[in-house]
Amino acid sequence: MKFQFQQELFGRLHNERYNIIMASTLRFDKWENTLGVPYGTVLQVKQTVLSSALSFSPSAITGTPTIGNTTQIMTINITPTFSNSKILIMADVNYASTTSTPGMIIFRGTTPVGIGDIASNRRRISSGTGYHADANQIAGAGNITFLDSPETTGEITYSIRCSSDSTSTVVVNRSINYTDSTTGATSISTLTLMEIAQ
């Protein structure tokens, strides 16, 4: 009897004599990669904090930045667990200039990543706060978030570096005047890395 029913049902489907609609729900407790690690797992977190005040004169550049024509602000190392991991980069840099337009750039080793497209001589940066007219104000926050794909299990050095359109003074974690009073203040800047399993 069971065989006969299955044979009839197959015949109906095969001959398309009936329209049969079957609704199914597919559920997963978790989705893992071939190594048994759930996708999206945070495998490690690294952070560096710059709590001191900086003042420097960057190089005036155009186009694509390099290690040689930018000034390092912060750096941090990470060794990915898997070669297909993503690295989530989050940077908050407090910086300013009253006479130039500085910008911050993410570097992976000597390669700039997470920067704007080529557009003639315009500088390619990750984030820029622009011109600050009030020299007594604490530097503005330049926020950067970028998901990188380094494709390696070797140690990687990420850094935040500064470029500008002139050699005028740029400050980090402070105001231009940096008055020794309640007007002056010192802030922090941070660079955080998170390895995300794929």
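Bear in mind these aren't lab numbers, they're just calculated from the coordinates by the rules spelled out. Predicted, not measured: the structure shown is a model, and the values here were computed from it. In this analysis, Cβ positions are derived from the backbone assuming ideal geometry, glycine residues included, and neighbour counts consider all displayed protein chains.
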Open item on the list: Given a Förster distance of 41 Å, report the FRET efficiency between THR186 and SER83 from their Cβ-Cβ distance, rounded to the nearest 0.05.
Closed with: 0.55
Open item on the list: Could you give each residue of region 103-114 its phi-based ³J(HN,Hα) in whole Hz, using Karplus coefficients 6.51, -1.76, 1.60 with θ = phi - 60°, and x for Gly or Pro?
Closed with: x, 9, 10, 7, 10, 9, x, 9, 9, x, 10, x
Open item on the list: Going by amide H atoms built from the backbone, whose H comes under 5 Å of the H on GLN44, apart from near neighbours?
Closed with: GLU195
Task: LEU54 versus SER149: modelled label distance in nm, points set 7 Å from Cα along the beta carbon direction - done: 3.0 nm
TODO: State, to one decimal in nm, how far the label point of LEU35 lies from the label point of GLN137, with both points 7 Å from Cα in the Cβ direction.
DONE: 4.6 nm
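How high is the FRET efficiency between SER166 and LYS46 when r is their beta carbon distance and R₀ equals 30 Å, given to the nearest 0.05?
0.35
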Task: Radius 14 Å from Cβ of PRO58, net charge of other residues (Lys, Arg +1; Asp, Glu -1) - done: +1
Task: For ILE125, distant residues with modelled amide H under 5 Å away - done: GLY116
